[in-house]
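Notes for the one structure printed next.
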2 protein chains.
Amino acid sequence: MNAIKNFEELKNHLKSTGTRKRLALANALDSHSLEAVMMSVEEGFIDAYLVGKKEEVSKLLEQEFGSKIKEYEQYLHIVDCRGDAVEAATEAALMVRNKQCDMLMKGLVNTDVILRAVLNKEKGIHTPGNVLAFNSCFDIPMYHKLVFMTDPAIIPEPTKEQRIAMIKYSIETARKFGVSRPKIALIHATEVANPKIRFMQDYLDIMEMYRNGEFGDVVMDGPVDVFLAIDKERGEIKRIDTPVLGDADILIFPDFQSANVFYKTAQTFGNASMAGLVYGADSPVVITSRSDSTDTKFYSICMACVLA
Amino acid sequence: MNAIKNFEELKNHLKSTGTRKRLALANALDSHSLEAVMMSVEEGFIDAYLVGKKEEVSKLLEQEFGSKIKEYEQYLHIVDCRGDAVEAATEAALMVRNKQCDMLMKGLVNTDVILRAVLNKEKGIHTPGNVLAFNSCFDIPMYHKLVFMTDPAIIPEPTKEQRIAMIKYSIETARKFGVSRPKIALIHATEVANPKIRFMQDYLDIMEMYRNGEFGDVVMDGPVDVFLAIDKERGEIKRIDTPVLGDADILIFPDFQSANVFYKTAQTFGNASMAGLVYGADSPVVITSRSDSTDTKFYSICMACVLA
């Protein structure tokens, strides 16, 4: 498999597989998430289970998509749930737990509610001890391939174990996108390993693990700055010898502040398209926010399909 | 004075004043910094004092600019310094201290060396107790005005006092650029003031100072995320009521990691032009790095001219 280099290729790759993954949408009463799900159904790679009050979901479907529903009705299943959003989230997670669905997606429900449904011991989809983190994939017009990054949203200051888990999730993801030997950059403000910086020992330990082969067939360097990782021209001027130079597939940020700044600056000023997933559950979880575009929701579903 | 909205206006503003500021270039043996100084001389707002070994500086000038030197020779003064780069830096700083020059600029000398020359008690230009920080100004094609941000380079994790000093430098700068009522965003990953986040109490205290009028006629909000601060469209979707919405003049980052990520991502993917200065010395100090373009060096000199 060739590496998937942008979101257009991602979509085409999924269409070419000819298989539909089953998605459980928790409280399917939000027109934006429904729209993204419907796009995925139409493109041919999603079979949707819409969990919520049947008459309300039907009404919204009718209102948003009208006659199209008939055409795709075999892929649109309304799962009637009489309870509130919390119950709809629990029900949707349970469907994934019971292998009736392959992935979970947030509809009209708060993020903390869906995460609680994921973590629910009896009905959720989380193996105790696994690190939950957010992993994003960016398609940036000024970059020559996709870039994966973590974690802009869930863990404020990761421990070393959490960093290692996030790196492993990212490597696994890059491989499923066809990147045979992912290049990983451990991001810091400079390439200098100042021991006074709070996470530097983690970076040094992780680099040692890398040299011992504990991450498999990957290329890793750190600390490196954003220029060295993704800006070949500016990186070269620094004359630092790094094997990731301007060609990183994966950016590991020191904390969720700096990751969040990348995440939002790349979108605002870089015209980047974004996809994102919660990792560490037993199945992919699509959690997008209100401020995300329909495209972001759609590409996040695509990303989940690659991993499910 | 109208607010200066981009670097073209900045240049034109300086040309319109008709005055030349005197710049001391420490160890003037680097063709990139010399080129930026020469541009400023030609544009009409710099009178340059080139500190270094006379014959070497002369040779480089001749080689880089040839016949142009004759035309501008009244603004190009070689200050012969027989010593090494450390001595050249010390000599250049002393010229600023003695009011023979208005600003200091780094030539072929390491950043730590020039900072030591700035901090030198007998020959430097630093009042003890003043916070040294790096302050950048960005001209971003996708933003409607200049944005000032701090600190991507000097202080890894600012104390509250350092944050307050940086905010005051930024306000002073924005005002000198004609922004009568600067909008300041205290950046965090979200708009939620989570008390577990290490710098949150600083933000809350600073907001209290703001409400007490301690920053003068400004608009401030925090914590806010990058979307709320500079992305009106995505910020609006969040439906958070903030007076800085998509219109911030000044971004205050929680630490130099996140500031550095903004600094480098905006340049790499946002096609941003950048200017930057070290603040907190008694006069502006232009410290650009090897990886900075000549434009960045030139605009940094422009920024210093506005402040000197």
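Worth pointing out:
- Residue-level analysis places A:Y299 outside the set of residues that are under 13 Å from A:F138 (Cβ atoms), in contact (Cβ under 8 Å) with a residue 40 or more places away in the chain and within 14 Å of chain B (Cβ to nearest Cβ).
- Here the condition is being over 30 Å from B:K145 (Cβ atoms) and in the same structural domain as B:D292 (by TED's automatic domain parsing); of B:V41, B:V51, B:V37, it holds for B:V51 alone.
- Scanning the stretch A:141-163 for residues that are out of contact with any Leu (no Cβ under 7 Å at 6 or more places or on another chain) and either outside the structural domain of A:D221 (by TED's automatic domain parsing) or part of a strand (DSSP E or B) (or both) gives A:F148, A:T150.
- Verdict on B:M166 being crowded, with 22+ Cβ neighbours inside 10 Å, outside any helix (DSSP H, G or I), under 16 Å from the mean Cα position of the chain (by Cα) and in contact (Cβ under 8 Å) with a residue 24 or more places away in the chain: no
- Close pairs from the stretch B:176-202: first without any contact (Cβ under 8 Å) to a residue 40 or more places away in the chain and in a loop (DSSP other than H, G, I, E, B), partner surrounded by 14 or more Cβ atoms within 10 Å (Cβ to Cβ) and among the aliphatic types (A, V, I, L, M), Cβ under 7 Å, at least 6 apart: B:R181/B:V218; B:R181/B:V219; B:A193/B:M200; B:A193/B:L204; B:N194/B:M200
- Considering the stretch B:231-255, and only residues there that are at the interface with chain A (Cβ under 9 Å from one of its Cβ atoms) and among the hydrophobic types (A, V, I, L, M, F, W, C), the residue that is surrounded by the fewest Cβ atoms within 10 Å (Cβ to Cβ) turns out to be B:I237.
- Flag for A:Y279 being within 10 Å of the chain's Cα centre (by Cα) and farther than 15 Å from A:L25 by Cβ: yes
The rows are residues; the columns are (1) at pLDDT 95 or above; (2) touching a strand residue (DSSP E or B) at 6+ places or on another chain (Cβ under 6 Å); (3) among the charged types (D, E, K, R); (4) at positive phi.
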{"position": "B:L23", "(1), (2), (3), (4)": "yes, yes, no, no"}
{"position": "B:E35", "(1), (2), (3), (4)": "yes, no, yes, no"}
{"position": "B:S58", "(1), (2), (3), (4)": "yes, no, no, no"}
{"position": "B:A85", "(1), (2), (3), (4)": "yes, no, no, no"}
{"position": "B:M103", "(1), (2), (3), (4)": "yes, yes, no, no"}
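- Restricting A:S273, A:S258 to those that are under 19 Å from B:N260 (Cβ atoms), surrounded by 20 or more Cβ atoms within 10 Å (Cβ to Cβ) and small (G, A, S) reduces the list to A:S258.
- Enumeration of residues in the stretch A:169-199 that are closer than 19 Å to A:G276 by Cα and either within 16 Å of the chain's Cα centre (by Cα) or surrounded by fewer than 23 Cβ atoms within 10 Å (Cβ to Cβ) (or both): A:Y169, A:S170, A:I171, A:E172, A:T173, A:A174, A:R175, A:K176, A:F177, A:G178, A:V179
Yes/no per residue for (1) more than 8 Å from every other protein chain (Cβ to nearest Cβ); (2) at pLDDT below 95:
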{"site": "B:A165", "(1), (2)": "yes, no"}
{"site": "B:S170", "(1), (2)": "yes, no"}
{"site": "B:K176", "(1), (2)": "yes, no"}
{"site": "B:E191", "(1), (2)": "yes, yes"}
{"site": "B:D202", "(1), (2)": "yes, no"}
{"site": "B:E208", "(1), (2)": "yes, no"}
{"site": "B:G222", "(1), (2)": "yes, no"}
{"site": "B:Q257", "(1), (2)": "no, no"}
{"site": "B:N260", "(1), (2)": "no, no"}
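- Checking the stated criteria, B:L277 turns out not to satisfy the condition of being at pLDDT 95 or above and touching a Gly at 6+ places or on another chain (Cβ under 7 Å).
- Counted residues, the stretch A:102-115 - those being assigned to a loop (DSSP other than H, G, I, E, B) and surrounded by fewer than 18 Cβ atoms within 10 Å (Cβ to Cβ): 1
- If you go through the stretch A:116-140 and pick out every residue that is more than 14 Å from chain B (Cβ to nearest Cβ) and either among the acidic types (D, E) or assigned to a loop (DSSP other than H, G, I, E, B) (or both), you end up with 13.
- Identity of the residue in the stretch A:65-101, among the small types (G, A, S) and within 27 Å of the chain's Cα centre (by Cα), that ends up surrounded by the fewest Cβ atoms within 10 Å (Cβ to Cβ): A:A85
- Any hit, the stretch A:277-295, residues being touching a Pro at 6+ places or on another chain (Cβ under 9 Å) and away from every other protein chain (no Cβ under 11 Å): yes
- The residues of the stretch A:203-227 that are assigned to a helix (DSSP H, G or I) and within 24 Å of the chain's Cα centre (by Cα), listed by number, are A:Y203, A:I206, A:Y210, A:V226, A:F227.
- Taking residues in the stretch A:107-129 that are within 11 Å of A:V285 (Cα to Cα), and partners anywhere that are outside any loop (DSSP other than H, G, I, E, B) and of a type in the set (K, R), the pairs with Cβ atoms closer than 7 Å and at least 6 places apart or on different chains are A:I114/A:K106; A:I125/A:R97.
- Filter result for B:S291 (at pLDDT below 95 and either touching a Gly at 6+ places or on another chain (Cβ under 8 Å) or within 17 Å of B:K5 (Cα to Cα) (or both)): yes
- Among the conditions (1) in the same structural domain as B:L186 (by TED's automatic domain parsing); (2) more than 18 Å from the chain's Cα centre (by Cα); (3) among the hydrophobic types (A, V, I, L, M, F, W, C), B:V109 misses just one, which is (1).
The values are calculated or read from the model by the stated rules, or taken from the named source; none is laboratory data. Computed from a predicted model, the values in this text were never measured in an experiment. Every residue, glycine as well, gets a Cβ built from its backbone with ideal geometry; the counts of neighbours run over all protein chains shown.
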